[in-house]
Structures are given as C-alpha cells and as structure tokens.
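Following: one structure in structure tokens, then a few remarks.
The values are calculated or read from the model by the stated rules, or taken from the named source; none is laboratory data. Only a predicted model underlies this, so the values are computations on that prediction, with no experimental measurement involved. Don't worry about glycine lacking a Cβ; one is built from the backbone with ideal geometry, like all the others, and counts go over all protein chains shown. Areas reflect the complete protein model, heavy atoms only, side chains present, ligands, DNA and RNA absent. Shrake-Rupley method; radii C 1.70, N 1.55, O 1.52, S 1.80 Å.
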Amino acid sequence: MPELPEVEITRRGIEPFVLGKTITGVVVRNPNLRQRIPRTLARILVGQRVRRLERRGKYLLFQCDSGSLIVHLGMSGSLRAIDPGTLPRDHDHVDLVFGATALRLRDPRRFGVVLWKAGDASRHPLLAKLGVEPLGDRFSPEFLHQATRGRGVGIKLLLMNAQVVVGIGNIYANESLFRAGIHPRARSGSLSRARCERLVAAVREILLAAIAAGGSSLRDFVHSDGSSGYFQQHYQVYDRAGLPCRVCGAAIRVARQGQRSSFFCATCQKK
C-alpha cells in the first residue's frame, strides 16, 4: 500500500496541474471502489476551482470552492497526469479533467476512495479521528511519550495506528524502528522519553529520506509522470529476512505482528 512518502510525492507531482485550475470534466468508468463513487460527483465538481491540494495522512484533499474532493489511493492506486484523449486501460476508473490535462486514477484492486465533502473536509468520518502528522510540529518526543503511557501493545503497532499518528505503514515503521534501535515488539508503555526522542527523530529522517528518493517502487505505485522511486534500495531491514544486517552482520529476522510482517535485527534492536 502506498504510504505517506508515496502519497506526498503524488501530491507534489500533480499539484502544478491542478492548483488554481478549474475542473472541466469528470469521467467515472467504474464507481465501485472501497466506497461507491457518488452519482452526483460530476455535477458537483465541474466548474469547481482547486484552491489548495493538501495531504492528510494517506488522503489527498482537493480543496475547492465549496468543499473538498477526498482521494485515497487504496492498496494499489496511482494518479497520473495525462492527455485527456489517452485511451483508458483496464483499471483506469476515474478521470478528472482540467482542460488540456487530466488526472487518471488507476486502481487494480479498487480499494481507493473518491468522495466529496461539502464544507470542512476534516469533519468527514474518514478524517475526523486521524492522529497527528509525523512530519508536523505536534509529533514530538513529548507527544509520543505521553501517547505510549499505559499501552501494552508493541511499538510498531502503535506507530501504525492512524488514530495516534498517520501515514506510517509497514515499510517505514520497520525502517524507523531499526534506525532508532528499538525492537518492533517492545512494549509501547516501556519506552523511556529518550527512546521516544530517538524514535521521533528516526521516523522523520526515514520519511524525509523516502520522499527525497521518490518513495518506494511498490508493485502498483508510480509517480504522476509514470516514473518510480528507489528508496527500496536503501532498506535496512524491510523484506530482507535472512540477509545480513548492514550494521552488525547478524541475520535479519521476520515475525508476524498484527497480521503484518515485522523485519528486525535482534542484535541492533532491543526490547
């Protein structure tokens, strides 16, 4: 699934094509995504001007004159800027047309979201309970230390809890914990303030490095121009089970945690 870096890269890539532009057309080929696309979407959107394009967690918010278009890429989605006359392929479900340019949503698994929220988008049920942004000022050592108190859940699962902190999926949670030297199964409530400080710094460093590298080349994810990222070349632990740790040489281990695979070095990462 595209995580925060991939969504932020998408936002930056499509922003020049939509910011300040008016939506001139909407084509919905298949409305059956994770939530069904409203039949009224085209009538609502045509004539709206995109005033801002923001990211909230893994959601893209096209803030228009009277509300916001909320887009989520799901597990397999991508948004690409194309010529509106480009013939659609399988799984090209939605086009947003801005005159001579269109944004095309491709979503093979159809777990994405394309919804309209009149007024304040933050009040939409999908957004209302989201936690803090990991690259924002509120994600601090003090915040994380307080958020972990009394929690017995493993710290990796807490990092991936979108009601605590948004946008950190499996890849970057694994990499952040390795950089901080913390075992993914370490009990959240046991983390000292110093370890929380290390982890906050590691999360920021990993996410910013991934953005700078163009994200990870996930199976279905491509940039708005069709190119791929290369952060996967810098993975320290993710998807490296059995390979030597790049720091100490011990074999990288893998374990199931919350229905997801956790990759770690038992020597470098302590509970």
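Numbers at a glance
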{"item": "Residue within the stretch 153-173 that is within 29 Å of G74 (Cβ to Cβ), in contact with a helix residue (DSSP H, G or I) (Cβ under 6 Å, 6 or more places away or on another chain), modelled with pLDDT of 95 or more and among the basic types (K, R) present", "result": "yes"}
{"item": "Selected residue (criterion: most open to solvent (accessible area, probe 1.4 Å)) from residues of the stretch 38-53 that are part of a helix (DSSP H, G or I) and without any contact (Cβ under 8 Å) to a residue 24 or more places away in the chain", "result": "R43"}
{"item": "Residue satisfying all of: in the stretch 54-93; farther than 19 Å from E133 by Cα and charged (D, E, K, R); most open to solvent (accessible area, probe 1.4 Å) among these", "result": "R89"}
{"item": "Failed criterion for A128 (all others in (1) exposed (fewer than 14 other Cβ atoms within 10 Å of the Cβ); (2) part of a helix (DSSP H, G or I) hold)", "result": "(2)"}
{"item": "Hits in the stretch 131-148 (condition: buried (at least 16 other Cβ atoms within 10 Å of the Cβ) and part of a helix (DSSP H, G or I))", "result": "P141, F143, L144, H145, A147, T148"}
{"item": "Members of the stretch 149-169 found to be among the β-branched types (V, I, T), buried (at least 19 other Cβ atoms within 10 Å of the Cβ) and touching a strand residue (DSSP E or B) at 6+ places or on another chain (Cβ under 9 Å), listed by number", "result": "I155, V164, V165, V166"}
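For (1) out of contact with any Ser or Thr (no Cβ under 9 Å at 6 or more places or on another chain); (2) in contact (Cβ under 8 Å) with a residue 24 or more places away in the chain, each residue gets a yes or a no:
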| site | (1), (2) |
| --- | --- |
| P125 | yes, no |
| N161 | yes, yes |
| V166 | yes, yes |
| G169 | yes, yes |
| L177 | no, yes |
